[in-house]
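A.B. asks: This structure is in C-alpha coordinates; I'll ask about it shortly.
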Amino acid sequence: MVDSRIFIVAEELMNKLKRITSEYIEAEDRIRIAGLTEQNKTLSLWLTMRLTSRLVAHCIALLGKHSPELAKATTNDDQLKNNLQGLVQHSAEQEIVEQPAVSVTENSLSLLIKEINVTTSNGGVLMAFKENETSSYELYLESNQLRQWLGMLYHIWQKAEWPLHIWPDWMDKSTGSVISETTSIH
(Lines give C-alpha, C1' and ligand atoms only; values in the text may rest on other atoms or scores of the structure.)
Protein backbone atom coordinates (compact mmCIF):
# COMPACT_ATOMS: atom_id res chain seq x y z
CA MET A 1 0.00 0.00 0.00
CA VAL A 2 1.38 3.42 -1.01
CA ASP A 3 1.25 6.17 1.58
CA SER A 4 -0.64 8.97 -0.21
CA ARG A 5 0.76 11.62 2.16
CA ILE A 6 4.26 10.95 0.86
CA PHE A 7 3.06 11.16 -2.74
CA ILE A 8 1.33 14.50 -2.11
CA VAL A 9 4.45 15.96 -0.53
CA ALA A 10 6.56 14.77 -3.45
CA GLU A 11 4.14 16.38 -5.91
CA GLU A 12 4.30 19.70 -4.05
CA LEU A 13 8.10 19.68 -4.16
CA MET A 14 8.24 19.15 -7.92
CA ASN A 15 7.29 22.52 -9.37
CA LYS A 16 6.82 22.96 -13.09
CA LEU A 17 8.01 26.02 -14.98
CA LYS A 18 5.82 27.14 -17.83
CA ARG A 19 7.99 30.02 -19.07
CA ILE A 20 11.57 31.17 -18.59
CA THR A 21 13.80 34.08 -19.48
CA SER A 22 17.56 33.56 -19.35
CA GLU A 23 20.08 36.34 -18.91
CA TYR A 24 23.62 36.99 -17.77
CA ILE A 25 23.95 39.10 -14.62
CA GLU A 26 27.43 40.61 -14.65
CA ALA A 27 27.47 41.55 -10.94
CA GLU A 28 26.89 37.88 -10.05
CA ASP A 29 28.92 36.45 -12.97
CA ARG A 30 26.11 33.94 -13.32
CA ILE A 31 23.21 33.11 -15.56
CA ARG A 32 19.82 33.81 -14.08
CA ILE A 33 16.81 31.92 -15.28
CA ALA A 34 13.72 33.93 -14.38
CA GLY A 35 10.97 31.33 -14.21
CA LEU A 36 7.21 31.49 -14.11
CA THR A 37 5.62 28.51 -12.37
CA GLU A 38 2.27 26.94 -13.18
CA GLN A 39 0.97 28.75 -10.08
CA ASN A 40 2.04 32.08 -11.70
CA LYS A 41 4.79 32.67 -9.17
CA THR A 42 8.14 34.00 -10.33
CA LEU A 43 11.54 32.86 -9.16
CA SER A 44 15.22 33.19 -9.99
CA LEU A 45 17.31 30.11 -10.66
CA TRP A 46 21.01 30.98 -10.57
CA LEU A 47 23.45 28.87 -12.62
CA THR A 48 27.22 28.95 -12.36
CA MET A 49 29.41 28.70 -15.43
CA ARG A 50 30.64 25.27 -14.31
CA LEU A 51 27.14 23.80 -13.97
CA THR A 52 25.88 25.49 -17.14
CA SER A 53 28.89 24.17 -19.09
CA ARG A 54 27.97 20.64 -18.11
CA LEU A 55 24.33 21.22 -19.00
CA VAL A 56 25.20 22.66 -22.41
CA ALA A 57 27.60 19.80 -23.23
CA HIS A 58 24.96 17.25 -22.25
CA CYS A 59 22.18 18.94 -24.26
CA ILE A 60 24.36 19.25 -27.35
CA ALA A 61 25.22 15.55 -27.09
CA LEU A 62 21.51 14.76 -26.82
CA LEU A 63 20.79 16.76 -29.96
CA GLY A 64 23.45 14.73 -31.77
CA LYS A 65 21.90 11.45 -30.66
CA HIS A 66 18.18 12.20 -30.81
CA SER A 67 17.82 14.69 -33.65
CA PRO A 68 15.34 13.30 -36.19
CA GLU A 69 17.03 15.31 -38.96
CA LEU A 70 20.37 13.65 -38.27
CA ALA A 71 18.78 10.22 -37.99
CA LYS A 72 17.58 10.59 -41.59
CA ALA A 73 21.08 11.45 -42.81
CA THR A 74 22.73 8.31 -44.12
CA THR A 75 26.25 9.68 -44.09
CA ASN A 76 29.18 9.22 -41.77
CA ASP A 77 30.77 12.49 -42.97
CA ASP A 78 31.25 14.61 -39.84
CA GLN A 79 31.47 17.87 -41.81
CA LEU A 80 28.17 17.13 -43.52
CA LYS A 81 26.56 16.32 -40.14
CA ASN A 82 27.92 19.57 -38.67
CA ASN A 83 26.48 21.51 -41.61
CA LEU A 84 23.15 19.78 -41.13
CA GLN A 85 23.20 20.57 -37.38
CA GLY A 86 23.88 24.22 -38.22
CA LEU A 87 20.96 24.32 -40.67
CA VAL A 88 18.56 22.70 -38.19
CA GLN A 89 19.77 25.06 -35.46
CA HIS A 90 19.34 28.10 -37.69
CA SER A 91 15.86 26.95 -38.67
CA ALA A 92 14.85 26.56 -35.00
CA GLU A 93 16.15 30.02 -34.18
CA GLN A 94 14.19 31.50 -37.10
CA GLU A 95 10.99 30.15 -35.51
CA ILE A 96 11.44 32.05 -32.23
CA VAL A 97 8.41 34.15 -31.40
CA GLU A 98 9.26 36.99 -29.02
CA GLN A 99 7.40 36.87 -25.74
CA PRO A 100 7.46 39.31 -22.84
CA ALA A 101 10.32 38.56 -20.47
CA VAL A 102 9.58 36.87 -17.16
CA SER A 103 10.16 39.56 -14.53
CA VAL A 104 11.23 38.71 -11.03
CA THR A 105 10.48 40.92 -8.06
CA GLU A 106 12.32 41.35 -4.80
CA ASN A 107 9.74 38.99 -3.25
CA SER A 108 10.52 36.25 -5.79
CA LEU A 109 12.23 33.13 -4.57
CA SER A 110 15.93 33.05 -5.45
CA LEU A 111 17.79 29.71 -5.64
CA LEU A 112 21.39 28.78 -6.39
CA ILE A 113 21.04 25.60 -8.44
CA LYS A 114 23.48 22.86 -7.46
CA GLU A 115 22.26 20.03 -9.68
CA ILE A 116 20.34 19.63 -12.93
CA ASN A 117 18.91 16.25 -13.90
CA VAL A 118 18.24 15.93 -17.62
CA THR A 119 16.14 13.16 -19.11
CA THR A 120 14.85 12.65 -22.63
CA SER A 121 11.10 12.46 -22.86
CA ASN A 122 8.59 12.45 -25.74
CA GLY A 123 10.80 14.17 -28.32
CA GLY A 124 12.27 16.66 -25.89
CA VAL A 125 14.10 17.00 -22.61
CA LEU A 126 12.96 17.37 -19.05
CA MET A 127 15.31 19.37 -16.86
CA ALA A 128 14.95 19.28 -13.08
CA PHE A 129 16.77 22.21 -11.47
CA LYS A 130 17.66 21.36 -7.87
CA GLU A 131 18.82 23.60 -5.08
CA ASN A 132 18.81 20.75 -2.59
CA GLU A 133 17.21 17.36 -1.95
CA THR A 134 13.79 18.81 -1.14
CA SER A 135 13.12 21.42 -3.83
CA SER A 136 13.13 21.01 -7.58
CA TYR A 137 11.79 22.96 -10.54
CA GLU A 138 11.07 21.15 -13.81
CA LEU A 139 11.24 22.55 -17.30
CA TYR A 140 10.19 20.55 -20.35
CA LEU A 141 11.52 21.69 -23.73
CA GLU A 142 10.64 20.10 -27.05
CA SER A 143 13.62 19.51 -29.34
CA ASN A 144 13.02 22.75 -31.24
CA GLN A 145 12.64 24.74 -28.01
CA LEU A 146 15.85 23.19 -26.68
CA ARG A 147 17.67 24.36 -29.79
CA GLN A 148 16.18 27.84 -29.37
CA TRP A 149 17.22 27.99 -25.72
CA LEU A 150 20.73 26.78 -26.53
CA GLY A 151 20.95 29.55 -29.15
CA MET A 152 19.99 32.06 -26.46
CA LEU A 153 22.53 30.57 -24.05
CA TYR A 154 25.20 30.84 -26.73
CA HIS A 155 24.39 34.53 -27.14
CA ILE A 156 24.47 35.00 -23.34
CA TRP A 157 27.76 33.07 -23.16
CA GLN A 158 29.36 35.47 -25.61
CA LYS A 159 28.07 38.48 -23.67
CA ALA A 160 29.55 37.02 -20.48
CA GLU A 161 32.89 36.56 -22.28
CA TRP A 162 33.08 32.98 -21.03
CA PRO A 163 35.31 30.50 -22.93
CA LEU A 164 33.56 29.21 -26.05
CA HIS A 165 35.37 25.85 -26.29
CA ILE A 166 32.30 23.89 -25.12
CA TRP A 167 30.24 25.10 -28.08
CA PRO A 168 30.33 23.24 -31.41
CA ASP A 169 31.28 25.10 -34.59
CA TRP A 170 27.78 24.63 -36.02
CA MET A 171 26.33 26.76 -33.22
CA ASP A 172 28.49 29.74 -34.20
CA LYS A 173 27.40 29.46 -37.82
CA SER A 174 23.70 29.29 -36.96
CA THR A 175 23.25 32.12 -34.48
CA GLY A 176 21.98 35.23 -36.12
CA SER A 177 20.24 38.43 -35.14
CA VAL A 178 16.98 36.59 -34.42
CA ILE A 179 17.81 36.08 -30.76
CA SER A 180 17.49 39.03 -28.45
CA GLU A 181 18.22 39.34 -24.75
CA THR A 182 14.54 39.64 -23.87
CA THR A 183 13.34 36.53 -25.65
CA SER A 184 11.72 33.98 -23.40
CA ILE A 185 10.85 30.33 -23.87
CA HIS A 186 7.44 28.93 -22.97
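A.B. asks: Being modelled with pLDDT of 55 or more and part of a loop (DSSP other than H, G, I, E, B) is the filter here, so list the residues in region 153-186 that pass it.
C.D. replies: 161, 162, 163, 164, 165, 166, 167, 168
A.B. asks: Follow-up. Take residues that are in contact (Cβ under 8 Å) with a residue 40 or more places away in the chain and open to solvent by 10 Å² or more (accessible area, probe 1.4 Å) and tell me which of the strands (runs of 3 or more DSSP E) falling wholly in region 89-152 contain 2 or more. Break it down into steps so the answer makes sense when it comes.
C.D. replies: Working: elements: 109-112, 115-121, 124-130, 136-142.
In region 89-152, 109-112, 115-121, 136-142 are the strands (runs of 3 or more DSSP E) which contain 2 or more residues that are in contact (Cβ under 8 Å) with a residue 40 or more places away in the chain and open to solvent by 10 Å² or more (accessible area, probe 1.4 Å).
A.B. asks: Can you pull out the residues in region 12-47 that are more than 23 Å from residue 103 (Cβ to Cβ) and open to solvent by less than 80 Å² (accessible area, probe 1.4 Å)?
C.D. replies: Applying the first criterion (more than 23 Å from residue 103 (Cβ to Cβ)) to region 12-47 yields 12-14.
Result: 13, 14.
A.B. asks: Go through region 92-123 and give me each residue that's touching a His at 6+ places or on another chain (Cβ under 9 Å) and closer than 21 Å to residue 62 by Cβ.
C.D. replies: Answer for region 92-123, where residues must be touching a His at 6+ places or on another chain (Cβ under 9 Å) and closer than 21 Å to residue 62 by Cβ: 116, 118, 120, 123.
A.B. asks: Further question on the same structure: Being among the charged types (D, E, K, R) and open to solvent by less than 80 Å² (accessible area, probe 1.4 Å): is that true of residue 81 here?
C.D. replies: Criteria met by residue 81.
The values are calculated or read from the model by the stated rules, or taken from the named source; none is laboratory data. Please read all numbers here as calculations on a predicted model, not as lab measurements. Because the Cβ atoms are built from the backbone with ideal geometry, glycine has one as well, and the counts that use them run over all protein chains shown. The protein model used for the area step is the full one, side chains on, heavy atoms only, and it has no ligands, DNA or RNA in it. Shrake-Rupley method; radii C 1.70, N 1.55, O 1.52, S 1.80 Å.
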